[in-house]
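Here is the structure we will look at, set down as structure tokens.
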Amino acid sequence: MLSGKHIIVGITGGIAAYKTATLVRLLIKAGAEVQVIMTPNAREFITPVTLSTLSGKPVISEFFTANTGQWNSHVDLGLWADAMVVAPATASTIAKMATGVADNMLVTTYLSAKAPVFVAPAMDLDMMRHHSTVHNLELLRSYGNHIIEPATGELASHLMGKGRMEEPENILKVLQAFFDKKQDLESRHIVITAGPTVERLDPVRFISNFSSGKMGFALAEECASRGAKVTLVSGPVSLKVNNPSISRIDVESASQMHDAVMDVCGDADVAIMCAAVADYRPKSVASRKIKREHDDIPVIELEKNPDIAKAVGQLKRRGQLLVGFALETDNEQSNALEKIKKKNLDMIVLNSLRDKNAGFQVDTNKVTIMRRDGSSKAYACKPKREVAADIVDEIVELLKKD
Ligand code: C5P
């Protein structure tokens, strides 16, 4: 919980700054220690006296305290913090944070902070949807920062749209949920495969499938947020990872994925085989583009790819867990059980192609999780991140039994 946590509240120059007084009060009531940092513009919207009274600490806004000449160390502050919340975050501060323009105490402290950073944007709707703001927020996300999306409603300009800073009570809830989050995978190493594999036919053509990688990436984010060190071996996808605890290895073909997994799975506590691996690859890869020859239809000879899950299953040590996925069209349960045995899995996640919101490309999934003893649990259709949390909950349960 928030009791005893050191929270930096960064306030920038937006009209929503007055609401941050309530956030500071709520944090103090929840038992946190709060250090407020204001940008020079923020002081035009709310006085430092209000905030220092509520937080019980002098507000910092300059590199030096004017009357004493004392230097305010952004490095010490960055190390002191358990979390930093920038609320409201203006388009200008978001841009500075995204590009490292450290011309005030708030951004310098942000750059020094080791703790998780939460950003609550507040601005007019057109600024909010401008390409540069969208891009800068995307950059902040890619650094692992947490964006607390603004709400839609009446804005300071009296226009209606997205850009209202999230209410202080809800920002508090986000922070509480973060600190409540289970760290039940702390010090565990988890290897995850994701996405499709691409098997080349010639320099321009290949055999592949529709896997987007979304489920595997959601699993990687979930495991990392619960304290694990994750190695994500991914086929070609257009997704990014947002957590520094995830090391990503990009591969193209099944045999490259096999070699990468073999390299990293020795010390893994859990391996989750989520990739849609092509079963076959062309026996030979033409060095030049295969030409259309008059009436002849070329025959492509295929050969078997390595079964990565099976190979990991064969090397599995006591205490290691192996989780597979299956996408079946018929006899789902009996085929899944068969696969558990054949590949020496501990658990299989079954998604059925019969569900229109489950499986490839979509953002939701509906799974049944089956264990080695044949027991199974069917889950409702949910966003893939929530499905990932259900899968990880079951993994943690199995790890405890071992
Ligand atoms: O045999 P099937 O392809 O249905 O098995 C699916 C499971 O096995 C998935 O977990 C998938 O990631 C894994 N697999 C693999 N290597 C293959 C084929 C499947 O790791 N060549």
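Somewhere in the range 362-378, is a residue of a type in the set (Ser, Thr, Tyr), over 29 Å from the mean Cα position of the chain (by Cα) and away from the ligand (no atom under 13 Å from the Cβ)?
Yes, because at least one residue in the range 362-378 is of a type in the set (Ser, Thr, Tyr), over 29 Å from the mean Cα position of the chain (by Cα) and away from the ligand (no atom under 13 Å from the Cβ).
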Those residues of the range 294-329 which are charged (D, E, K, R), within 28 Å of residue 398 (Cβ to Cβ) and more than 13 Å from the ligand (Cβ to nearest atom), in sequence order: 316, 317, 318
Lone unmet requirement of (1) surrounded by 17 or more Cβ atoms within 10 Å (Cβ to Cβ); (2) in a loop (DSSP other than H, G, I, E, B); (3) of a type outside the set (Val, Ile, Thr) for residue 42: (2)
Contacts under 9 angstrom Cβ, first residue in the range 296-308 being more than 19 Å from residue 208 (Cβ to Cβ), partner within 13 Å of the ligand (Cβ to nearest atom), 6 or more apart: none
Selected residue [within 28 Å of the chain's Cα centre (by Cα) and touching a residue at least 12 places away in the same chain (Cβ under 8 Å)] from 37, 28: 37
The listed residue being in contact (Cβ under 8 Å) with a residue 12 or more places away in the chain and either closer than 27 Å to residue 114 by Cβ or of a type in the set (Phe, Trp, Tyr) (or both), out of 247, 255: 247
Counted residues, the range 168-202 - those being surrounded by 15 or more Cβ atoms within 10 Å (Cβ to Cβ), of a type in the set (Asp, Glu) and over 20 Å from residue 272 (Cα atoms): 2
Enumeration of residues in the range 258-277 that are within 15 Å of the ligand (Cβ to nearest atom), under 21 Å from residue 347 (Cα atoms) and not in a strand (DSSP E or B): 258, 261, 262, 264, 265, 268, 274, 275, 277
Residue within the range 380-394 that is in a loop (DSSP other than H, G, I, E, B) and free of Cβ contacts under 8 Å to residues at least 12 places away in the same chain present: no
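If I filter the range 207-222 down to residues being within 16 Å of the ligand (Cβ to nearest atom) and not in a loop (DSSP other than H, G, I, E, B), which single residue comes out as surrounded by the fewest Cβ atoms within 10 Å (Cβ to Cβ)?
207
Read the figures in this text as sums done on the coordinates, not as results from a lab. Given the structure is predicted, the values throughout are model-derived calculations rather than measurements. Backbone-built Cβ (ideal geometry, glycine too); neighbour counts: all protein chains shown.
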